[in-house]
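The values are calculated or read from the model by the stated rules, or taken from the named source; none is laboratory data. Because the structure is a prediction, the values reported are computed rather than measured. Note that each Cβ is placed from the backbone with ideal geometry, even for glycine, and that neighbours are counted across all protein chains shown.
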Amino acid sequence: MKEIILASQSPRRKLLLEWAEISFKIVVKATDESFPDNLEVEKVPIHIAMNKAKAVIEFLEKLHNSEPETIVLAADTIVVLDNQVINKPADRAEAVSILSRLSGQNHRVITGVVLKNAFKEHAFSVTTHVQFHPLTLEQIEFYVDQYKPYDKAGAYAIQEWIGVVGIASINGDFYNVMGLPVSSVVQALTLFENDL
């Protein structure tokens, strides 16, 4: 494969690419993660991922530090409940509030993925439906206090305690909920490379 750069500092995305035995480097540039109010929720993570990819491409071009064929892989994951995007919690109170809203409900986890180099780009998204059991306040507070999920969309990580005891079912890609639909990414990388 051509050189791949992961435009993310997420330890979950790093781990999933390692599990897929994909060789990559990490380059991250700070980007604005806001989005237009009128943007369809399904397009929000692609919009944010595209901004991440463009920022890294521009940075590398200024450094003259990569080949034009180098593929930048960017991703963004959002949680959607009742067609409303739920962001990362700012603090403990917001994390408890978010999980209280998700309790007993079905929500969507959408990850937008962008592959981009100097010549072309490819963007797609993957959606997984997640159903939570009803959660008690004690369960929610225990999870928030023990795991401090402040860097996670929807205030939870499926691979942690809350996923083991709190999730009734998922419909779709489990790893998408972790932050990267890695099997879809591998397929897309193969097609992207073969099309160069």
- prompt: If we keep just the residues of segment 56-69 that are in a helix (DSSP H, G or I) and within 23 Å of Arg13 (Cα to Cα), which is nearest to the chain's Cα centre (by Cα)?
  reply: Val56
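To keep it simple, each residue is scored yes or no on (1) farther than 23 Å from Asn194 by Cβ; (2) in contact with a Leu (Cβ under 6 Å, 6 or more places away or on another chain); (3) among the aliphatic types (A, V, I, L, M).
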{"position": "Ala20", "(1), (2), (3)": "no, no, yes"}
{"position": "Val44", "(1), (2), (3)": "yes, no, yes"}
{"position": "Lys52", "(1), (2), (3)": "yes, no, no"}
{"position": "Leu63", "(1), (2), (3)": "yes, no, yes"}
{"position": "Val79", "(1), (2), (3)": "yes, no, yes"}
{"position": "Asp82", "(1), (2), (3)": "yes, no, no"}
{"position": "Asp91", "(1), (2), (3)": "yes, no, no"}
{"position": "Ala95", "(1), (2), (3)": "yes, no, yes"}
Ser34 modelled with pLDDT under 95 and in contact with a Gly (Cβ under 8 Å, 6 or more places away or on another chain): no
- request: Those residues that are within 13 Å of the chain's Cα centre (by Cα) and surrounded by fewer than 19 Cβ atoms within 10 Å (Cβ to Cβ), I need them from segment 152-181; list them, please.
  value: Asp173, Phe174
message: Can you confirm whether Glu160 is under 17 Å from Pro11 (Cβ atoms), at pLDDT 95 or above and charged (D, E, K, R)?
response: yes
- line: When restricted to Lys14, Lys2, the only residue assigned to a helix (DSSP H, G or I), in contact with a Leu (Cβ under 9 Å, 6 or more places away or on another chain), of a type outside the set (S, T, N, Q) and more than 15 Å from Val114 (Cβ to Cβ) is Lys14
query: For Ala118, are the conditions met, namely being touching a strand residue (DSSP E or B) at 6+ places or on another chain (Cβ under 6 Å), outside any helix (DSSP H, G or I) and touching a residue at least 24 places away in the same chain (Cβ under 8 Å)?
result: no
message: Which of the numbered conditions does Val113 fail, given that it passes all the others? Conditions: (1) closer than 25 Å to Lys43 by Cα; (2) surrounded by fewer than 21 Cβ atoms within 10 Å (Cβ to Cβ).
response: (2)
field: Filtered residues of segment 19-55 (kept if without any contact (Cβ under 8 Å) to a residue 12 or more places away in the chain and either crowded, with 19+ Cβ neighbours inside 10 Å or over 16 Å from the mean Cα position of the chain (by Cα) (or both))
entry: Glu21, Pro36, Asp37, Asn38, Leu39, Glu40
- request: Please identify the pairs in which a residue from segment 163-181 that is of a type in the set (Ser, Thr, Tyr) has its Cβ atom under 7 Å from the Cβ atom of a residue that is not in a helix (DSSP H, G or I), counting only partners at least 6 apart or on another chain.
  value: Ser169/Gln131; Tyr175/Pro181
message: Looking for something in contact with a Leu (Cβ under 9 Å, 6 or more places away or on another chain) and not small (Gly, Ala, Ser) - is there at least one such residue anywhere in segment 28-35?
response: yes
query: Does Val177 satisfy the condition of being within 18 Å of Thr111 (Cβ to Cβ), outside any strand (DSSP E or B) and β-branched (Val, Ile, Thr)?
result: yes
